[in-house]
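**Student:** Got a structure for you, written out below as structure tokens; questions coming shortly.
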Amino acid sequence: MTTEKFESEVRTVHKFIQLYCDKNHADRDKKDGQLILSYHNSDLGIVNYHLCEACEKTLKYAHQRLMECPHDEKPRCRKCPHPCYEKSQWKTLSKIMRYSGMQLGLLKARKLFRK
């Protein structure tokens, strides 16, 4: 996987987890943190987050698994012949992605109708 693809994947996962946490875990204690992006000895920047403990662990788990992805051309996780995620974590991320994807789609539709 290229460094650009890696960075894009991590930032997308962060965006989805942040949206999910903000909407579904608003009553939980959250903390600020930073995830340092580095891939194959290349520093790609920092991702700042404000997540509950469970979502922070999910983000760090996804980041670690993306760093270890063996594919040159990374497939979509659900179509991957060699899944990186453990089954329980995959289900958690799938739930987060489904929810956040719908929310982002609805936001785009709202913006179109407002114009």
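**Student:** Name every residue in segment 77-115 that is within 21 Å of residue 37 (Cβ to Cβ), open to solvent by 40 Å² or more (accessible area, probe 1.4 Å) and modelled with pLDDT under 80, in order of residue number.
**Tutor:** Step one: filter segment 77-115 for residues within 21 Å of residue 37 (Cβ to Cβ), giving 77, 84-85, 89, 93, 96-97, 100.
Next, from what is left, pick out any that are open to solvent by 40 Å² or more (accessible area, probe 1.4 Å): 77, 89, 97.
Of everything in segment 77-115, just one residue is within 21 Å of residue 37 (Cβ to Cβ), open to solvent by 40 Å² or more (accessible area, probe 1.4 Å) and modelled with pLDDT under 80, namely 77.
**Student:** Let me ask something else about it. Could you tell me whether residue 43 is in a helix (DSSP H, G or I), out of contact with any strand residue (DSSP E or B) (no Cβ under 7 Å at 6 or more places or on another chain) and of a type in the set (Asp, Glu)?
**Tutor:** Details: in a helix (DSSP H, G or I): no; out of contact with any strand residue (DSSP E or B) (no Cβ under 7 Å at 6 or more places or on another chain): yes; of a type in the set (Asp, Glu): yes.
Spelling it out, it is not the case that residue 43 is in a helix (DSSP H, G or I), out of contact with any strand residue (DSSP E or B) (no Cβ under 7 Å at 6 or more places or on another chain) and of a type in the set (Asp, Glu).
**Student:** Residue under question is residue 22, and the condition is that it be open to solvent by 30 Å² or more (accessible area, probe 1.4 Å) and in a helix (DSSP H, G or I); does it hold? Lay out the reasoning, then the answer.
**Tutor:** Numbers: open to solvent by 30 Å² or more (accessible area, probe 1.4 Å): yes; in a helix (DSSP H, G or I): yes.
Yes, satisfied.
**Student:** Of all the residues that make up segment 26-52, how many are at pLDDT 90 or above, open to solvent by 100 Å² or more (accessible area, probe 1.4 Å) and closer than 23 Å to residue 68 by Cβ?
**Tutor:** 1
**Student:** A follow-up question, please. Any residue at all in segment 17-25 that is farther than 15 Å from residue 62 by Cβ and basic (Lys, Arg)? Break it down stepwise before answering.
**Tutor:** Here is the first cut: in segment 17-25, the residues farther than 15 Å from residue 62 by Cβ are 22-25.
Next, from what is left, pick out any that are basic (Lys, Arg): 23.
Yes, because at least one residue in segment 17-25 is farther than 15 Å from residue 62 by Cβ and basic (Lys, Arg).
**Student:** Also, I was wondering about something else. List the residue pairs whose Cβ atoms are under 6 Å apart, where the first residue sits in segment 26-39 and is more than 12 Å from residue 57 (Cα to Cα) and in contact (Cβ under 8 Å) with a residue 24 or more places away in the chain, the second is polar (S, T, N, Q) and open to solvent by less than 50 Å² (accessible area, probe 1.4 Å), and the two are 6 or more positions apart or on different chains.
**Tutor:** Once the first residue is more than 12 Å from residue 57 (Cα to Cα) and in contact (Cβ under 8 Å) with a residue 24 or more places away in the chain and sits in segment 26-39, its partners that are polar (S, T, N, Q) and open to solvent by less than 50 Å² (accessible area, probe 1.4 Å) give 39/3.
The values are calculated or read from the model by the stated rules, or taken from the named source; none is laboratory data. Owing to the predicted nature of the structure, the values given are computational and were not obtained by experimental measurement. Every residue, glycine as well, gets a Cβ built from its backbone with ideal geometry; the counts of neighbours run over all protein chains shown. Surface areas here come from the heavy atoms of the whole protein model, side chains and all, with no ligands, DNA or RNA. Shrake-Rupley method; radii C 1.70, N 1.55, O 1.52, S 1.80 Å.
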